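The block underneath contains the structure these notes are about, expressed in structure tokens.
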Amino acid sequence: MDIKDVASQNLHTLYLATEEEIRSLNIRIHEIEQELLARMQTEGATAIPGVCELEQKTTYDQTAYTPMKELLSDEDLAKVFTPGHEGTVWVPDKWKPAGQVNAMARRYGNKALACVENARIPQPPRAKIIRSEEKSK
């Protein structure tokens, strides 16, 4: 069907119906992911070979790193932290990516590692579906 030949009112109806189909499909995808995740968790597995892998991302609360400012040397702090400053707009404090901050914290020991642990915000696990192009690798 060429949508250029469809009347505007019918396009509107088609649009709304397509939106509903997408919502339904997204719900179905979520249900499938949850079932795959449940199967992996039941088996204590991190993958269903050729089907999916467990994916767990973690974000970090930047404000929970703040006590590390007192622990790191000025030189090391400069490697992983940019203080807030004013430009044409206020630029807030910013820590480097978690991997760099974690590496620095390991060098400083338990107090710095506790800051990193307090900053962790675990994300819910997901079933990462293996696509056919990934299977061939």
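Close contacts from the range 56-81, counting a first residue that is closer than 12 Å to residue 117 by Cα and surrounded by 15 or more Cβ atoms within 10 Å (Cβ to Cβ) and a second that is at pLDDT below 90 and of a type in the set (Val, Ile, Thr), with Cβ to Cβ under 6 Å and a gap of 6+ residues or different chains, come to none at all. Answer yes or no: is there a residue in the range 30-39 that is in contact with a helix residue (DSSP H, G or I) (Cβ under 8 Å, 6 or more places away or on another chain), of a type in the set (D, E, K, R) and within 30 Å of residue 119 (Cα to Cα). Checking the range 30-39: not a single residue is in contact with a helix residue (DSSP H, G or I) (Cβ under 8 Å, 6 or more places away or on another chain), of a type in the set (D, E, K, R) and within 30 Å of residue 119 (Cα to Cα). A count restricted to the range 1-37 and to residues that are basic (Lys, Arg) and within 21 Å of residue 124 (Cβ to Cβ) stands at 2. Can you tell which of 96, 135 is within 30 Å of residue 46 (Cβ to Cβ) and modelled with pLDDT under 85? Result of the check over 96, 135: 135. Can you find a residue in the range 16-24 that is part of a helix (DSSP H, G or I) and touching a residue at least 12 places away in the same chain (Cβ under 8 Å)? Checked against the condition, which is being part of a helix (DSSP H, G or I) and touching a residue at least 12 places away in the same chain (Cβ under 8 Å), the range 16-24 yields no hits at all. With respect to the conditions (1) of a type in the set (Val, Ile, Thr); (2) more than 28 Å from residue 119 (Cβ to Cβ); (3) surrounded by fewer than 13 Cβ atoms within 10 Å (Cβ to Cβ), residue 51 falls short on a single one, namely (3).
The values are calculated or read from the model by the stated rules, or taken from the named source; none is laboratory data. Keep in mind the model is a prediction, meaning the values are calculated, not measured. Every residue, glycine among them, receives a Cβ derived from its backbone with ideal geometry; neighbour counts consider all protein chains shown.
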